[in-house]
Amino acid sequence: MTTVGVIGMGYVGLPLAVAFAEEGCEVIAVDIDARKVEAIGAGESYVEDVPRESLRAVAGLIDATTDYSRLKRADAVLVCVPTPLTRNREPDLGPLIDATRALARVLVPDQLVVLESTTYPGTTRERVAPVLEESGLAAGRDFQLAFSPERVDPGRTDYTMRSTPKVVGGLTDACAERARALYALVCDQVVLVSSPEAAEMTKLLENIFRSVNIALVNEIAMLTDRMGIDVWEVVEAAATKPYGFMRFEPGPGMGGHCLPVDPFYLSWRAREFDMATEFIELAGKVNQQMPYHCVAKAQRALNDRGMSVKGSRILVVGVSYKPGVGDVRESPALKIISLLTDLGAEVLYHDPHVPGLAEFSLTSTPLEDALASADLALIVTVHPSVDHELIARRARLVLDLRGVTRGVTRGAGSANVVRL
C-alpha cells in the first residue's frame with residue numbers, strides 16, 4: 001500500500017488527501033491547526049468541495065495529525081501550505097519555509113517530496129531543496145523532489161481532480177517520473193515539463209492570463225460607462241466571433257486564493273532579472289481599482305434619485321469571491337463594504353454561503369427582509385441559489401455589477417436597474 005503524506009489541510013490539501021485515500025492509499029494528513037485535525041478525525045469537512053460523506057467513507061485511511069514525525073512512514077509527501085503576500089505585496093514564503101524545515105527534520109531516504117503551493121520560478125530548487133538538504137540527504141540523489149501546481153477551482157464540477165491534467169516538473173528525470181507515477185493514481189493525464197521552474201511558471205502564466213484579460217475588460221467597462229455604451233452588449237456581440245476572441249466579463253474586481261496574489265509573485269521575481277513586468281503590474285492596478293469604480297457608480301445611481309450614500313441603507317448581494325462557494329478571501333465585496341461604510345452608508349448583506357462577516361460585525365440578512373428596507377441593492381456575487389430576477393423587481397434601486405439582470409423584461413422591474 002502506498003502511503004502519502006499531505007502537509008496543509010486547506011482547500012488543496014484536503015481534496016488531495018481524500019482523492020488518494022479513495023484510491024486505497026494510506027494518507028498522513030498534517031496541519032498545524034488542531035481544529036482542522038479534529039474536524040478530519042470527526043469526519044466533518046470544512047472544505048465545500050469535499051462532501052462530508054466522501055470524507056467519512058475514507059476515514060479509516062486518513063491519519064490526521066499535527067505531528068510531523070509520522071511523515072517518516074510516507075512514501076511521498078505533498079506540500080500544500082499557503083503562499084500569501086506581505087503587506088507590501090511581496091512573496092511571503094514564511095509558511096512554506098516553516099513547513100519545509102519541519103519536514104527536513106523527519107525526512108528519510110528515498111522519499112518523494114512534491115511542492116504544490118503556488119510560487120515564483122526557482123523556489124523549489126533554490127529555497128525548498130536547500131532547506132530539505134539540512135537533513136543531510138541530497139535532493140535528486142537521496143530523495144526525490146518535484147513541483148506540481150495545484151489546479152483547484154472551488155465550486156467547479158465540470159472538471160475534477162481526475163479529469164484536470166496535472167503538470168509535473170522534477171529536479172531530475174527520475175524525480176519527474178516518480179511524481180508522474182504518483183499522480184497517475186488520481187489524475188487521468190499527467191503532463192511532464194522539463195524542470196520545476198517550468199512547472200512553477202506554468203501555474204503563474206495560467207493565472208496571469210486571466211488577470212490581464214479581466215483587467216482589460218474591466219478597463220473597457222470603465223470607458224464604456226463614460227461613453228454611455230452597454231459593456232455587456234459589447235462583450236456578448238464580440239463573443240459571437242468563432243475565432244480570435246475569448247470571452248471575459250467585467251466585474252467588481254478579483255478575489256480568491258490565486259488571481260489577486262499569484263501575478264505579484266512573478267512581477268517580484270522579474271525584478272531580480274532587471275525586468276519590469278508592466279502588463280502584469282498594470283492588470284493588478286486596474287483590478288484593484290474596480291471596487292472604487294463600483295462604489296462611485298453606486299454614488300451616482302443614488303445621486304440621480306436625489307439621495308446620497310451617507311445615511312442610505314445598501315444591501316450587498318453576494319460577498320464570497322465567486323459563485324457557489326463561501327470563500328471570502330480577497331473578495332472585492334469586502335473592499336466595497338469597507339468603502340461604503342466609510343462614506344456613511346448603513347450596509348447589510350445577503351449571502352447563502354457566508355453566514356457572517358466578523359470583521360464588519362455583520363450577519364447575512366434574509367433576502368426579502370433586506371429588499372424591503374434597502375435603498376439600493378448592489379449585486380456583487382451571483383450565487384445560483386439567489387433569485388436575481390426577484391431583486392430586480394422588488395428593490396427600489398439595483399446596481400448590477402455582474403450583468404445578471406440583463407434578461408429581466410424591459411418595463412416593469414427594469415427601470416430601477418443600473419448596470420456596470
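The values are calculated or read from the model by the stated rules, or taken from the named source; none is laboratory data. If you're wondering where the values come from, they're calculated on a predicted model, not measured in any experiment. Every residue, glycine as well, gets a Cβ built from its backbone with ideal geometry; the counts of neighbours run over all protein chains shown. In case anyone asks, the SASA skips ligands and DNA or RNA and just uses the protein heavy atoms, side chains included. Shrake-Rupley method; radii C 1.70, N 1.55, O 1.52, S 1.80 Å.
In this Cβ point-charge picture (+1 for Lys and Arg, -1 for Asp and Glu), the stretch 232-279 has a dipole of about 100 debye about its Cα centre.
Think of each Lys and Arg Cβ as +1 and each Asp and Glu Cβ as -1; about the Cα centre, that makes the dipole of the stretch 215-257 roughly 140 debye.
Taking amide H atoms as placed 1.01 Å from N in the peptide plane, the amide H of residue 191 lies under 5 Å from those of 166, 167, 168, each 5 or more residues away in sequence or on another chain. Rounded if a/c is under 1.5, else prolate if a/b is larger than b/c, else oblate: which is the chain, with a ≥ b ≥ c the root eigenvalues of its Cα gyration tensor? Here the chain falls in the prolate category.
The GluC sites (Glu not before Pro) of the stretch 260-347 meeting both criteria, a DSSP state outside H, G, I, E and B (loop) and at most 16 other C-beta atoms within 10 angstrom of the site's C-beta, are 272. For the stretch 208-248, what class follows from the C-alpha gyration tensor (a ≥ b ≥ c being the square roots of its eigenvalues): rounded when a/c is under 1.5, otherwise prolate if a/b is larger than b/c, else oblate? Because a/c hits 1.5 or more and a/b fails to exceed b/c, the stretch 208-248 counts as oblate.
Which whole-number value in Å² is the accessible area per residue of the chain, probe 1.4 Å?
Working: 18930 Å² over 420 residues.
On a per-residue basis, the chain sits at 45 Å².
How far apart, in nanometres, would the label points at residue 194 and residue 23 be if each is projected 7 angstrom from Cα along the Cα-to-Cβ direction? Using points 7 Å along Cα→Cβ, the separation is 2.8 nm. Each of 72, 285, 36, 297 has its accessible area taken with a 1.4 Å probe; listed largest first, they run 285, 72, 36, 297. Proximity of backbone amide H atoms, modeled 1.01 Å from N, is registered between residue 112 and 76, 77, 144 at under 5 Å, excluding neighbours fewer than 5 places apart on the same chain.
Phi-derived couplings, Karplus 6.51 cos²θ - 1.76 cosθ + 1.60 at θ = phi - 60°, listed residue by residue for the stretch 160-173: 10, 4, 5, 8, 8, x, 10, 8, 9, x, x, 4, 9, 4 Hz, with x used for Gly and Pro.
Its DSSP H runs of at least 4 residues, each contributing -39,500 (n - 2.57), put the calculated 222 nm mean residue ellipticity of the chain at -11000 deg cm²/dmol, to the nearest 500.
Overall, the chain carries a charge dipole of about 960 debye about its Cα centre when +1 sits on the Cβ of Lys and Arg and -1 on the Cβ of Asp and Glu, all other atoms neutral. Put simply, the amide H of residue 46, placed in the peptide plane, has no neighbours under 5 Å, leaving out anything fewer than 5 places away on its chain.
Listed peptides 84-92, 206-214 appear in the order 206-214, 84-92 once ranked by packing, highest mean of other Cβ atoms within 10 Å at the front. Given their separation in residues at 0.36 nm each and the Cα-Cα distance between them, residue 247 and residue 342 gain 30.7 nm when the chain is fully extended.
Taking the protein heavy atoms of the chain in the context of the full set of protein chains, the accessible area attributed to carbon and sulfur is 52 percent at 1.4 Å.
Can you list the trypsin sites (Lys or Arg not before Pro) in the stretch 235-281 that are in a DSSP coil and have 12 or fewer other beta carbons within 10 angstrom?
When the trypsin sites (Lys or Arg not before Pro) of the stretch 235-281 are filtered for loop state and at most 12 Cβ neighbours within 10 Å, 247 remain.
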